[in-house]
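S.K.: Attaching a single structure in structure tokens format; questions to follow.
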Amino acid sequence: MSAPTTKKPTVTEREARQVAEAAREQDWRKPSFAKELFLGRFRLDLIHPHPLPADEDVRRGEEFLARLREFCETKIDSALIEREARIPDEVIAGLKELGALGMKIDPRYGGLGLTQVYYNRALALVGSANPAVGALLSAHQSIGVPQPLKIFGTQEQKDAFLPRCARTDISAFLLTEPDVGSDPARLATTAVRDGDDYVLDGVKLWTTNGVVADLLVVMARVPKSDDGKGGITAFVVEADSEGVTVENRNAFMGLRGLENGVTRFHRVRVPAANRIGPEGAGLKIALTTLNTGRLSLPAMCVGAGKWCLKIAREWAGVREQWGKPVALHEAVGSKISFIAATTFALEAVVDLSSQMADENRNDIRIEAALAKLYGSEMGCLMADELVQIRGGRGFETAESLAARGERAVPAEQLLRDLRINRIFEGSTEIMHLLIAREAVDAHLSVAGDLIDPDKSLQDKARAGAGAGVFYAKWLPRLVAGPGQLPTSYGDFKHGIDLSPHLRYVERHARKLARSTFYAMSRWQGRMETKQGFLGRIVDIGAELFAMSAACVRAELLRREGDHGREAYQLADAFCRQARVRVDELFTRLWSNTDDLDRKVVKGVLGGSYEWLEQGIVDPSGEGPWIADATPGPSQRENVRRPLK
């Protein structure tokens, strides 16, 4: 067996893109509402009538939620977790006893077998009790060992590991490295085949659950050999294996109970039987796992929005200024309206996407990504507005409020806890690019060779002919549609009329598609560098998707007689607010400072504005910007904290 390399992979921008492109799911075998939306086709029939869970799934889900609620109310002390920066062992033991580790695991392996809908509702509930507890359960089941084994594992692997994950063992997902974030082509951790084993060497950063985990999903680079294609590969690793060292428990501005660390692997032997899928399939496994796994974060943002609304309602009705409750002052009232309407819409997005995932009729990769993007951004905004509504008390810690005799409302903690969601499981910037790539997939499928500099003239000619046929059929359909007929979507008119909003979505979906086509024609191969433009395209799609989901959910609640009038009112408010944002985003597609910003950035990096930094003291400590991750034996104490 050869010694592990200490040289980091050198990867060009083009090579990095090729690795990411090879890992994504290439085909669209099932319909996708969001994909159609980006293509200018408003397929309301794909989401309306709103799909519903089976009666038995509802019964089992509600029974578990009742038990989980009692546990959250009696056993989880959020203030204690915040104060001691750790989740007490007895809380984790209680979650195991409840079966919360196995919410998504099939009952044949000892799990509860909940649907995605009820799994997400459980995360919203437990996340409202304490976000760090929600993060522990989510990392374990959404991206840890259970989900990739469910999709890609062998029967032997499922039999060996899923019963443990369902009841006793906590799992973690290890991809990120000190010098590798969203660019996995530069992954430095290696797994070298040695007989019936692989030998792992490398360092992983930000390993959520890694400090307490029993099982790890590790992504490592396998060298190409005569027996295997090599490439980034996924493994199940026992956390107590010789050579595995948790070198640090990381601390953050929020989620102080998060068991997140730095894990070093030094000549760790992993049985080949623990490899998930074939060599080189690691990134595809990771991305496929995240297709539904990403729904866990917006689910917890829904819970946060509901809590923000509760506190805003209670506080703003009691606090008086200038002779009336602050809620009745328009400046504050508009913030409360935003929180209420956005919470309703975000719950609609998450429930709709989750139910579609359960039914497995639609491809929801874009819907789940949009839910993650939209939920994490809106969750932070709602928490920030709550802090503003609370004023000085919003900035004050719950402990300080209690010490002087007031209700211990942890508004500032929520803002800190939610902030990471804009980075977790794909930052907002990366999500923009990921969704944009999927949104323009149809264009690249027919015209990609036209803008690929490596393609021959013959390939370009063939692509040009195919593109001509596609666009001859597609472009005329973007000129007119149901959104221009005043009678369209009339079944959404019940006292309050939501049909104008759906007509708006239909018209602006076509406008969005026309804008994307024009940009591709204008910039061609440079389109991928226009990240500001692509981000706005995606944000428009997210708003249109949320508007659609909100209207469909309102109609569902009306039909079921469950607060239908109020739901229509919230959907109407949300859509009116969203339309203001969409109109602004369309304006900013072509009227922006992107070109000037690029010039300023070059000046900043070139030192042209260093004079602007004068007059301050930098309180940063000494040390490198990126820690050394050279493979080798650990020189630090193992701070792993096994929970049994």
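The values are calculated or read from the model by the stated rules, or taken from the named source; none is laboratory data. What you are looking at is a predicted structure, and each value in this text was computed from that prediction instead of being measured. Note that we place each Cβ from the backbone using ideal geometry, even for glycine, and neighbour counts take in every protein chain shown. Surface areas here come from the heavy atoms of the whole protein model, side chains and all, with no ligands, DNA or RNA. Shrake-Rupley method; radii C 1.70, N 1.55, O 1.52, S 1.80 Å.
S.K.: Place a +1 charge on the Cβ of each Lys and Arg in the chain and a -1 charge on the Cβ of each Asp and Glu, then give the dipole magnitude about the Cα centre in debye, rounded to the nearest 20. Could the numbers behind the result be given before it?
M.R.: Numbers: 86 positive and 87 negative charges, 282 e Å.
I would put it at about 1360 debye.
S.K.: Classify the chain: rounded, prolate or oblate, from the alpha-carbon gyration tensor (a ≥ b ≥ c, eigenvalue square roots; a/c under 1.5 rounded; otherwise prolate if a/b is larger than b/c)?
M.R.: Details: a/c = 1.40, a/b = 1.10, b/c = 1.27.
Verdict is rounded for the chain.
S.K.: Related question: When all protein chains stay in place, what accessible area (Å², nearest 10, 1.4 Å probe) is found for ASP197?
M.R.: About 40 Å², ignoring ligands and nucleic acids.
S.K.: Let me make sure I get this right: for the range 110-186, a, b and c are the square roots of the gyration tensor eigenvalues over alpha carbons, sorted descending. Under 1.5 in a/c it's rounded, otherwise prolate if a/b > b/c, else oblate. Which is it?
M.R.: Numbers: a/c = 2.04, a/b = 1.11, b/c = 1.84.
Verdict is oblate for the range 110-186.
S.K.: Would you be so kind as to identify which of SER171, ALA132, LEU68 lies farthest towards the positive end of the dipole of the range 26-173, taking Lys and Arg as +1 and Asp and Glu as -1 on Cβ and the Cα centre as origin?
M.R.: So the residue furthest toward the plus end is SER171.
S.K.: To continue, here is another question. With a 1.4 Å probe and every protein chain kept in, tell me what percent of the accessible surface of the chain is carbon plus sulfur.
M.R.: Details: 15700 of 29420 Å².
About 53 percent, which is the carbon plus sulfur part of the accessible surface.
S.K.: May I pose another question? As a test of the formula, what do you get for the chain when each DSSP H run with n ≥ 4 contributes -39,500 (n - 2.57) and the sum is divided by the residue count, at 222 nm and rounded to the nearest 500 deg cm²/dmol?
M.R.: Details: 23 runs with 338 residues, N = 644.
Using -39500 (n - 2.57) per qualifying helix, the result is -17000 deg cm²/dmol.
S.K.: Any number yet on Rg/Rh for the range 53-170, C-alpha, Kirkwood? Mind dumping the intermediate values first?
M.R.: Details: Rg = 14.1 Å, Rh = 14.5 Å.
Result for the range 53-170 is an Rg/Rh of 0.97.
S.K.: Then there is this: In percent, what relative contact order does the range 283-373 have, based on Cα pairs under 8 Å that are 6 or more apart in sequence? Before the final figure, lay out the partial values.
M.R.: Details: 67 pairs, mean separation 38.5, N = 91.
Across the range 283-373, relative contact order equals 42 percent.
S.K.: In whole angstrom, how far apart do the alpha carbon centroids of the range 46-66 and the range 393-412 sit?
M.R.: Centre-to-centre distance over Cα atoms comes out at 37 Å.
S.K.: Averaged per residue, what accessible surface does the range 62-169 expose to a 1.4 Å probe, in Å²?
M.R.: On the way: 4100 Å² over 108 residues.
So the range 62-169 comes to 38 Å² accessible per residue, rounded to a whole number.
S.K.: Also: Can you give me the C-alpha center-to-center distance between the range 251-307 and the range 352-374, rounded to a whole angstrom?
M.R.: If we compute the Cα centre of each part, the gap is 19 Å.
S.K.: Accessible area per residue for the range 532-621 in Å², computed with a 1.4 Å probe and the full protein assembly in place, what is it?
M.R.: Details: 5100 Å² over 90 residues.
That works out to 57 Å² per residue.
S.K.: Report the extension gain between GLN635 and ASP55 in nm, rounded to one decimal, defined as 0.36 nm multiplied by the number of residues separating them, less their alpha carbon distance. Don't jump to the answer; show the numbers that get you there.
M.R.: Values: separation 580, 0.36 × 580 = 208.80 nm, distance 5.56 nm.
Taking GLN635 through ASP55 to full extension adds about 203.2 nm, to one decimal.
S.K.: Treating only the Cβ atoms of Lys and Arg (+1) and Asp and Glu (-1) as charged, compute the dipole magnitude of the range 383-510 about its Cα centre; round to the nearest 20 debye.
M.R.: Working: 17 positive and 18 negative charges, 93 e Å.
Using only the charged Cβ atoms, the result is roughly 440 debye.
S.K.: Here's another thing I want to ask about it. Name the residue farthest towards the positive end of the dipole of the chain from the options THR516, VAL538, GLN141, assuming +1 on Cβ of Lys and Arg, -1 on Cβ of Asp and Glu, about the Cα centre.
M.R.: THR516
S.K.: Quick one: which of LYS104/LYS306; LYS75/LYS150; LYS96/LYS204; LYS530/LYS602; LYS30/LYS493; LYS229/LYS284 span more than 19 angstrom between C-alpha atoms?
M.R.: Numbers: LYS104/LYS306 24 Å; LYS75/LYS150 31 Å; LYS96/LYS204 27 Å; LYS530/LYS602 16 Å; LYS30/LYS493 31 Å; LYS229/LYS284 15 Å.
Beyond 19 Å: LYS104/LYS306; LYS75/LYS150; LYS96/LYS204; LYS30/LYS493.
S.K.: Next question. Work out the length of the dipole vector of the range 451-590 about its Cα centre, built from +1 on the beta-carbon of each Lys and Arg and -1 on the beta-carbon of each Asp and Glu, and round it to the nearest 20 debye. Working shown, then result.
M.R.: On the way: 23 positive and 16 negative charges, 114 e Å.
It comes to approximately 540 debye.
S.K.: For the range 33-189, what's the relative contact order in percent, using C-alpha pairs closer than 8 Å and at least 6 residues apart?
M.R.: The normalised contact order for the range 33-189 reaches 20 percent.
S.K.: Normalising by the residue count of the range 344-410, find the relative contact order in percent from Cα pairs under 8 Å and 6+ residues apart.
M.R.: 18
S.K.: Further, regarding this structure: Quick check: from the Cα gyration tensor, does the range 391-530 come out rounded (a/c under 1.5), prolate or oblate? Can you show the working numbers first?
M.R.: Numbers: a/c = 5.04, a/b = 1.68, b/c = 3.01.
Oblate is the answer for the range 391-530, as a/c is 1.5 or above yet b/c matches or exceeds a/b.
S.K.: Counting only the heavy atoms of the protein chains, how much of TYR374 is accessible to a 1.4 Å probe, in Å² to the nearest 10?
M.R.: Around 20 Å² of this residue is reachable by solvent.
S.K.: Over the range 297-375, average the accessible area per residue using a 1.4 Å probe and give it in Å², no decimals. Intermediate values should be presented prior to the final figure.
M.R.: Details: 2780 Å² over 79 residues.
Accessible area per residue, the range 297-375: 35 Å².
S.K.: Just going by the charge dipole of the range 189-333, with Lys and Arg at +1 and Asp and Glu at -1 on Cβ, which of PHE265, THR190, ALA312 is farthest out on the positive end?
M.R.: Going by the Cα projections, it comes out as ALA312.
S.K.: Related question: What share of Cα pairs, in percent, lie more than 17 angstrom apart in the range 501-612?
M.R.: Numbers: 3945 of 6216 pairs.
Of the Cα pairs, 63 percent sit more than 17 Å apart.
S.K.: Can you give the FRET efficiency for VAL600 and ARG526, using 1/(1 + (r/R0)^6), R0 = 30 Å, r = Cβ-Cβ distance, to the nearest 0.05? Present the calculation step by step, with values, prior to reporting the outcome.
M.R.: Values: r = 20 Å, r/R0 = 0.66.
About 0.95, to the nearest 0.05.
S.K.: What FRET efficiency do you get for SER499 and VAL580 if R0 is 25 Å and r is their Cβ-Cβ distance, rounded to the nearest 0.05?
M.R.: On the way: r = 19 Å, r/R0 = 0.76.
My answer for the efficiency is 0.85.
S.K.: Rank-order 607-620, 553-566 by packing density, defined as the average count of other C-beta atoms within 10 Å over each peptide's residues, highest first. If you can, show how the numbers build up before the last one.
M.R.: Details: 607-620: 7.6, 553-566: 16.9.
Per-residue Cβ counts within 10 Å, averaged per peptide and sorted highest first, yield 553-566, 607-620.
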